Amino acid sequence: MPEPDKHLFEGKYCILEKFIITGGKPLMGEVTIGGAKNAAVAILPATLLAGGKCVLENLPNISDVAASVEILRAMGAQVKMLNKHTLEIDTTHIMGTEVPNEMSRQMRASYYFLGALLGRFGTASVAMPGGCNLGPRPIDQHLKAFTALGAEDSVRAGMIHVESDNLQGCHVFFDTVSVGATINAMLAAVMAHGTTILENVAKEPHIVDVANFLNTMGADVRGAGTDVIKIRGVEKMHGCNYSIIPDQIEAGSYMVAAAMTGGNVLIKNVIPKHLEPITAKLERAGVLVEEYDDAVRVCRTGKLESLNIKTMPHPGFPTDMQPLMSVLMTIAQGTSIVTEGIWENRFRFADELLRMGANIQVDGRVAVIEGVPELQAAPVRASDLRAGAALVVAALAANGTSEIEEIAHIERGYEGIVEKLQGLGADIRRISIPEQTLRQAL
Ligand code: EPZ
């Protein structure tokens, strides 16, 4: 697994890393999608519940996965890399129940260590999580579930602490549909005494994947993928072999990239059913999408039509695809209205798109986009993972050569993005300017 990216201008690592992209080439060929990031970052902490050996296949080789593995290792798990996408993780001997502060702050999903450690050991401490800055990201619904199971929570020195010597099955009705709270509640409840009913839960494909993984480890979780999940607590769980589902959002990103550049791309290793909300919008915009058993072909020859999009929990249009679809709409004919229904602050890429000649106006959670014939290359900066991916897609279609900074955000979630895009004929390179060169330039 790669080292988590050292951030730019930090300490001694004064390295400026950028993508340099010359736009205008239609993407052509085939690309293979990796395992789902948002499933992987939950399944890795969930291996703690096994207290034994798990072999995880189809793990994406990205920095968020590396960060989760680093936490597991720091806690005493034995981790062996069997190949680039397969790890054997033995959580028999775990040394503590506190996730080191600097590690948990590296990524949002470290909150899953709360549920997993609470579920196995009855106690856990994790720092308030970091991750993409999309506006306020409370975890009150996670704590609501832990409390209902009988745990007490407290915040000390920036660490959230949860504890119970006797987790009891319970009934939780979530106030908000939350992916993180749904998964954390499952992790904490699988070995509680009695039955837990979770209502108004999230239904994303990775919720189902985590539930399937828990069941493969011996849990009894039913109903994942519907509004109600029922969990009968089991006494013990065990290790297993498991293969993670393909990443819906990575696949969607390449679908949009193909459409944006007027290309023709076969996107392999996907579950077409998971892509339906994306496929439906692309077809509405005039893009051809052909579905196969485990692949989709995306092809555009004509003009793009404008769309109205509102992001919603699954099966609605996924918020993580919103920045990418917004970019697509910048070159569609007519006016598009994009409403962000999940996060308060997910249009931070709009200023960068303005620099590229887009006509986009944002008012709170709504963006109004008037299509322009073409985007122009510009130096831009990724503010978060999906915003960064969206800027890559914009640059692939823009006239001229763009430079994208802060690419560590993008590499948190897209394995080998440069190589995959080059394989489709894109003109993209990654450059690193070392400290000395930078100093000379200043
Ligand atoms: C997950 O975040 C994903 N992250 C996000 O993907 C994704 O955008 C999001 O789900 C929605 O699909 C991971 O899986 C690691 P939520 P999560 O809890 O779980 C509110 C990406 O780009 N809420 O479903 O943190 C919250 O403020 C990332 O890959 C509460 O009010 O999201 C938001 O408005 C970015 N209280 C809404 O619910 C809570 O306790 C949905 O959040 C929890 C959430």
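The values are calculated or read from the model by the stated rules, or taken from the named source; none is laboratory data. Just so you know, these numbers come straight off a predicted model, no measurement behind them. When we count neighbours, we look across all protein chains shown, and the Cβ atoms used for this are built from the backbone with ideal geometry, even at glycine. SASA here: full protein model, heavy atoms, side chains in, ligands and nucleic acids out. Shrake-Rupley method; radii C 1.70, N 1.55, O 1.52, S 1.80 Å.
Taking each DSSP H run with n ≥ 4 as -39500 (n - 2.57) and averaging over every residue of the chain yields -8500 deg cm²/dmol at 222 nm. With every protein chain in place and a 1.4 angstrom probe, the accessible-area ranking of CYS54, CYS170, largest first, reads CYS170, CYS54.
Apolar share of the accessible surface for the range 37-243: 48 percent from carbon plus sulfur atoms, 1.4 Å probe. Between MET128 and GLU276, the contour length at 0.36 nm per residue exceeds the Cα-Cα span by 49.9 nm. Remark on ASN399: its backbone amide H falls under 5 Å from those of LEU375, GLN376, ALA377, a criterion applied only to residues 5 or more positions apart or on other chains, H modelled at 1.01 Å from N. In angstrom, the C-alpha Rg and Dmax of the range 8-124 are 17.2, 55. Across all Cα atoms of the range 121-265, the radius of gyration (one decimal) and Dmax (whole number) stand at 17.4, 59 Å.
Estimated at 0.36 nm per residue, the fully extended path between PHE121 and ILE94 surpasses their Cα-Cα distance by 8.7 nm.
Counting only protein heavy atoms and using a 1.4 Å probe, the accessible area of LEU48 comes to about 0 Å². Coordinate range of the alpha-carbon atoms in the range 37-243 per principal axis, descending: 41, 36, 32 Å.
Is the range 329-404 best put as rounded, prolate or oblate by its Cα gyration tensor, with a ≥ b ≥ c the root eigenvalues, rounded for a/c under 1.5, and otherwise prolate when a/b is larger than b/c, oblate when not?
Values: a/c = 2.19, a/b = 1.23, b/c = 1.78.
Note, shape of the range 329-404 comes out oblate.
Quick check for you: which residues of the range 226-261 have the amide N under 18 Å from the point 7 Å beyond the Cα of ASP294 toward its beta carbon? From the range 226-261, the list is 241-252. Most simply put, the range 37-243 has about 75% antiparallel DSSP beta bridges, counting only bridges with both residues inside it.
Could you compute the net charge surrounding GLY413? Neighbours are other residues with a C-beta less than 11 Å from the C-beta of GLY413; K and R count +1, D and E count -1. Provide the component values of the computation, followed by the final result.
Details: positive: LYS37, ARG386, ARG412; negative: ASP64, ASP247, GLU250, ASP320, ASP384, GLU411, GLU415.
Charge balance near GLY413 sits at -4.
Extension gain, ASP427 to GLU370, is 17.8 nm, computed as 0.36 nm per intervening residue step minus the present C-alpha separation.
Dividing the convex hull volume of the Cα atoms of the range 274-349 by its residue count, what figure in Å³ per residue is obtained? Don't jump to the answer; show the numbers that get you there.
On the way: hull volume 6.6 nm³, N = 76.
Here the figure is 87 Å³ per residue.
Provide the FRET efficiency to the nearest 0.05 for the THR195-LEU354 pair, computing r from the beta carbons and using R0 = 41 Å. Using R0 = 41 Å, I get an efficiency of 0.20.
Among SER402, SER306, the sequence by solvent-accessible area, most first, with a 1.4 Å probe is SER306, SER402.
With every protein chain present, what is the per residue accessible area of the range 37-243 (1.4 Å probe, Å²)? Before the final figure, lay out the partial values.
Values: 7640 Å² over 207 residues.
The answer is 37 Å² per residue.
Measuring against 19 Å, Cα to Cα, the residue pairs LYS37/LYS268; LYS281/LYS420; LYS25/LYS310; LYS25/LYS273; LYS281/LYS310 contain LYS281/LYS420; LYS25/LYS310; LYS25/LYS273 as the ones spanning a longer distance.
Distance between the C-alpha centres of the range 304-334 and the range 233-286: 16 Å, rounded to the whole angstrom. Scoring 375-388, 251-264 by mean Cβ neighbours within 10 Å over their residues and listing the highest first yields 251-264, 375-388.
Kindly state, as a whole number, the per residue volume in cubic angstrom of the convex hull around the alpha carbon atoms of the chain. Walk me through the numbers on the way to the answer.
Values: hull volume 58.9 nm³, N = 442.
It is 133 Å³ per residue.
Treating r as the C-beta distance of LYS80 and THR216 and R0 as 25 Å, the FRET efficiency rounds to 0.80. If we count every other residue with Cβ under 10 angstrom of VAL65's Cβ, Lys/Arg +1 and Asp/Glu -1, where does the sum land? After counting each charged neighbour, the total is -1.
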